[in-house]
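Chemist: Quick one: this structure, given as C-alpha cells, is what I'll be asking you about.
The values are calculated or read from the model by the stated rules, or taken from the named source; none is laboratory data. This one's a predicted model, so the numbers in the text were calculated from it and none came from an experiment. Reconstructed Cβ throughout: ideal geometry from the backbone, glycine too, with neighbour counts over all protein chains shown.
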Ligand code: 13P
Ligand code: SF4
C-alpha cells in the first residue's frame, strides 16, 4: 500500500477512534514518525498508565502490549503483529519458572518486564533496564533474590549492586549477538569514539563500554556527552530519533556476529510491525490484546510496585 495513503488513513482513524500510538525506539522509522509517543520500556509503561485515549495501539512487542492491557483493563489495546514476540519472554515458560521458583522458596522474585503476564503474576517486583538497579536496591539486604529472565542484565546487576542474584538463563537474541572482535576492530578505526551499550549485552561487551544504560539512558548520555563519535551497542532503531537529536555527532551501530545487510543488530520481532499492519490493526481493531481478570490482578501488583518506585 502507498505510504502516503497509509499515513493519511492512520492519522484519520486515530482521531476518529480516539486512539494513541505508542512506539518503542526499536520500531521501524516510519512507525516512529507517526507515533504519538516514542519511548523505552519504562517510559511506555508510564505512558500507558496515564493515557486517556480509548484505544492504545502498541507498536512494540507482545509483552509490552500485554503490560499496557494489564494497566488499562477498560481500554482496547492493539498490537499490529500478533507474532511480535521476544526471545526473553518466550524463553521463560510459566511452568518451568514455577518449578524454578520452588527451588528457592525464601527468595524475593524480581522479573524484567520482558516476560509474560503469567511470569509477572509469579513475581514480587517487576523492573525495566532503566530502573533495575533501583528496584534491586529497594530490597533489604537480608533478602535473597531471584532475577529473571535476562541472565546478562542479571550479571550486570550483580556487579552494580554487589548483591548475589539467582539467575534464570535467558537472553536477548539481539543484544547477545554483538561481536567483541568486530567491536574492537571498529573502535581501532575510530579511537576517539565512545562505546555506549545496553545492559542486555554480554559482559565482555559491557567491559569495553564507556557507558552502560537503558535505551533512554543511552540517548540521554549521547545527547549530553561532549564526544563527537559514538559506537552504539543496542538495537539499531534507536539511531533514528538519536540522529535527529544530535545531527552533528557520528553514530555508528555496533556490529553483530551475523553478517546481515546493515551489519548491525535489528530485532526481527520489533520489525514485524509495519506501517501497513499498523493501519490494518487500527482499521479492524484487531489483533486485540486480552488478559483474563484473574491473571491481570496478579500481574498488576508487581508492575504497580515498580511504577511507585520509579
Ligand atoms: P529498554 O526499553 O528498557 O531499554 O529495553 C530494551 C529492550 O530490549 C526492549 O525489548
Ligand atoms: Fe526482546 Fe531483545 Fe527484541 Fe527487546 S530487542 S524485544 S529484548 S528480542
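Chemist: Test residue 103 against the criterion of being more than 15 Å from ligand 1 (Cβ to nearest atom) and closer than 30 Å to residue 164 by Cα, and give yes or no.
Modeler: Details: more than 15 Å from ligand 1 (Cβ to nearest atom): yes; closer than 30 Å to residue 164 by Cα: yes.
For residue 103, the condition - more than 15 Å from ligand 1 (Cβ to nearest atom) and closer than 30 Å to residue 164 by Cα - is met.
Chemist: So is residue 30 in the same structural domain as residue 73 (by TED's automatic domain parsing) and without any contact (Cβ under 8 Å) to a residue 40 or more places away in the chain or not?
Modeler: Numbers: in the same structural domain as residue 73 (by TED's automatic domain parsing): yes; without any contact (Cβ under 8 Å) to a residue 40 or more places away in the chain: no.
No: the conditions fail for residue 30.
Chemist: Give me the residue from segment 158-202 that is within 16 Å of the chain's Cα centre (by Cα) and free of Cβ contacts under 8 Å to residues at least 60 places away in the same chain and, out of that set, nearest to ligand 2 (Cβ to nearest atom).
Modeler: 176
Chemist: When the residues of segment 189-205 are narrowed to those that are outside any loop (DSSP other than H, G, I, E, B), touching a helix residue (DSSP H, G or I) at 6+ places or on another chain (Cβ under 6 Å) and farther than 19 Å from residue 237 by Cβ, which ends up nearest to ligand 1 (Cβ to nearest atom)?
Modeler: Ranking the candidates gives 203 first.
Chemist: Which residue out of 142, 118, 151, 137 is within 16 Å of ligand 1 (Cβ to nearest atom) and at pLDDT 95 or above? Give the steps one after another, and end with the answer.
Modeler: On the way: 142 fails: within 16 Å of ligand 1 (Cβ to nearest atom); 118 fails: within 16 Å of ligand 1 (Cβ to nearest atom); 137 fails: within 16 Å of ligand 1 (Cβ to nearest atom).
Step by step, each of 142, 118, 151, 137 is checked, and only 151 is within 16 Å of ligand 1 (Cβ to nearest atom) and at pLDDT 95 or above.
For every residue, the table says whether it meets (1) surrounded by fewer than 18 Cβ atoms within 10 Å (Cβ to Cβ); (2) without any contact (Cβ under 8 Å) to a residue 12 or more places away in the chain; (3) under 21 Å from residue 130 (Cβ atoms).
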| residue | (1), (2), (3) |
| --- | --- |
| 204 | yes, no, no |
| 209 | no, no, yes |
| 214 | no, no, yes |
| 219 | no, no, yes |
| 227 | yes, no, no |
| 234 | no, no, yes |
| 245 | yes, no, yes |
| 271 | yes, no, no |
| 277 | no, no, no |
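Chemist: Right, another one. Those residues that are touching a residue at least 40 places away in the same chain (Cβ under 8 Å), part of a helix (DSSP H, G or I) and surrounded by 13 or more Cβ atoms within 10 Å (Cβ to Cβ), I need them from segment 284-300; list them, please.
Modeler: Initially, segment 284-300 is screened for residues touching a residue at least 40 places away in the same chain (Cβ under 8 Å), giving 285-291, 293, 295-296, 298-300.
With the extra rule that they be part of a helix (DSSP H, G or I), the set shrinks to 293, 295-296, 298-300.
Listed by number, the residues that qualify are 295, 296, 298, 299, 300.
Chemist: If only one of 68, 45, 130, 59 is in the same structural domain as residue 27 (by TED's automatic domain parsing) and within 12 Å of ligand 1 (Cβ to nearest atom), which one is it? Don't jump to the end; show me each part of the working.
Modeler: Numbers: 68 fails: within 12 Å of ligand 1 (Cβ to nearest atom); 130 fails: in the same structural domain as residue 27 (by TED's automatic domain parsing); 59 fails: within 12 Å of ligand 1 (Cβ to nearest atom).
Going through 68, 45, 130, 59 in turn, just one is in the same structural domain as residue 27 (by TED's automatic domain parsing) and within 12 Å of ligand 1 (Cβ to nearest atom): 45.
Chemist: Moving on to the next point. Which residue is nearest to the chain's Cα centre (by Cα), if the candidates are limited to segment 206-237 and must be assigned to a strand (DSSP E or B) and more than 15 Å from ligand 2 (Cβ to nearest atom)?
Modeler: Kept after step one, since they are assigned to a strand (DSSP E or B), are these residues of segment 206-237: 211-212, 229-233.
In the following step, the residues that additionally are more than 15 Å from ligand 2 (Cβ to nearest atom) were identified as 211-212, 229-231.
Details: 211: 18, 212: 15, 229: 25, 230: 21, 231: 20 Å.
Going through the qualifying residues, I end up with 212.
Chemist: With respect to residue 186, is the statement that it is under 20 Å from residue 128 (Cβ atoms) and more than 16 Å from ligand 1 (Cβ to nearest atom) true?
Modeler: Numbers: under 20 Å from residue 128 (Cβ atoms): no; more than 16 Å from ligand 1 (Cβ to nearest atom): yes.
No, not satisfied.
Chemist: Examine segment 13-21 for a residue that is in contact with a helix residue (DSSP H, G or I) (Cβ under 9 Å, 6 or more places away or on another chain), closer than 22 Å to residue 310 by Cβ, within 16 Å of ligand 2 (Cβ to nearest atom) and modelled with pLDDT of 95 or more, and state whether such a residue exists.
Modeler: Quick first cut of segment 13-21, residues in contact with a helix residue (DSSP H, G or I) (Cβ under 9 Å, 6 or more places away or on another chain) only: 13-14, 17, 19-21.
Now restrict to residues that are closer than 22 Å to residue 310 by Cβ: 20.
Add one more test, that the residue is within 16 Å of ligand 2 (Cβ to nearest atom), and what stays is none.
No, that holds for no residue.
Chemist: Moving on. Given the conditions (1) surrounded by fewer than 17 Cβ atoms within 10 Å (Cβ to Cβ); (2) away from ligand 1 (no atom under 16 Å from the Cβ), and given that residue 53 satisfies all but one, which numbered condition is not satisfied?
Modeler: (1)
Chemist: With over 19 Å from the mean Cα position of the chain (by Cα) and closer than 24 Å to residue 172 by Cα as the only criterion, which of 95, 17, 76, 69 stands out? Talk me through it step by step, then tell me what you get.
Modeler: Values: 17 fails: closer than 24 Å to residue 172 by Cα; 76 fails: closer than 24 Å to residue 172 by Cα; 69 fails: over 19 Å from the mean Cα position of the chain (by Cα).
Exactly one residue qualifies, and that residue is 95.
Chemist: Hey, can you tell me all the residues within segment 77-122 that are over 30 Å from residue 51 (Cα atoms), free of Cβ contacts under 8 Å to residues at least 12 places away in the same chain and within 16 Å of ligand 2 (Cβ to nearest atom)?
Modeler: 93
Chemist: Kindly indicate the residue of segment 25-39 that is within 16 Å of ligand 1 (Cβ to nearest atom) and assigned to a loop (DSSP other than H, G, I, E, B) and also farthest from residue 72 (Cα to Cα) among those meeting that condition.
Modeler: Start the filter on segment 25-39 by keeping residues that are within 16 Å of ligand 1 (Cβ to nearest atom), which leaves 25-28, 31-32, 35, 37-39.
Keeping just the survivors that are assigned to a loop (DSSP other than H, G, I, E, B) gives 25-28, 35.
On the way: 25: 22, 26: 23, 27: 22, 28: 25, 35: 19 Å.
Per the stated criteria, the residue is 28.
Chemist: Could you pull out the residue among 42, 22 that is touching a strand residue (DSSP E or B) at 6+ places or on another chain (Cβ under 8 Å) and either part of a helix (DSSP H, G or I) or touching a residue at least 40 places away in the same chain (Cβ under 8 Å) (or both)? Outline the logic, then answer.
Modeler: Values: 42 fails: touching a strand residue (DSSP E or B) at 6+ places or on another chain (Cβ under 8 Å).
Residue meeting the stated conditions: 22.
Let's see how each residue does on (1) in a loop (DSSP other than H, G, I, E, B); (2) closer than 21 Å to residue 62 by Cβ:
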{"position": "89", "(1), (2)": "no, yes"}
{"position": "92", "(1), (2)": "yes, yes"}
{"position": "99", "(1), (2)": "no, no"}
{"position": "104", "(1), (2)": "yes, no"}
{"position": "108", "(1), (2)": "no, no"}
{"position": "115", "(1), (2)": "yes, yes"}
{"position": "118", "(1), (2)": "no, yes"}
{"position": "126", "(1), (2)": "no, yes"}
{"position": "130", "(1), (2)": "yes, yes"}
